[in-house]
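Novice: Pasting a structure here, questions to come.
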Amino acid sequence: MFRIPDFLLEKWGALNANNVVELENVERLGAIRYGFEYSYILLIYTIALFYGAVVPLVLPAGLLFLVLKFLFDKVRLMDGGRWRMSFIRSIAR
C-alpha cells in the first residue's frame, strides 16, 4: 500500500529497459517482505491505540488504514498464485 521506493525503482527500471524481456522482468510483482509488512502493521496499530486514548478520532483512521492494508495485501497475495505458497507454509508449521 505504501510502497513508494518500490514504485520509483520499478518506473526507473521501465525507463531504462532495453528490450521487451527486461521490461517484463521489471513489471513482474516483487517479493513480499513479510517481516517489514508485519512490523509496519504493528507500528500503525500501536500508534492508533495509544493516540486513540487521547484523541478518539485517531481510532477510525487507524481502523480504516488497517482495513485498506488488509485488502491491498490480500490482492497482492492472490495475484500470481502466491497465496498457495503462503497457505502451505502456514499449514506446515
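Novice: If R₀ is 41 angstrom, what is the calculated FRET efficiency for the pair A61 and L15, using the beta carbon separation as r and rounding to 0.05?
Specialist: Once the sixth-power term is evaluated, E becomes 0.70.
Novice: If you stretched the chain out fully between L71 and L42, how much longer would it get, using 0.36 nm times the residue separation minus the C-alpha to C-alpha distance?
Specialist: 8.8 nm
A short reminder: the numbers here are calculations on the coordinates, not readings from a lab. What you see is a predicted model; the values in this text were computed from it and never measured. Glycine gets a Cβ as well: all are built from the backbone with ideal geometry, and neighbour counts include every protein chain shown.
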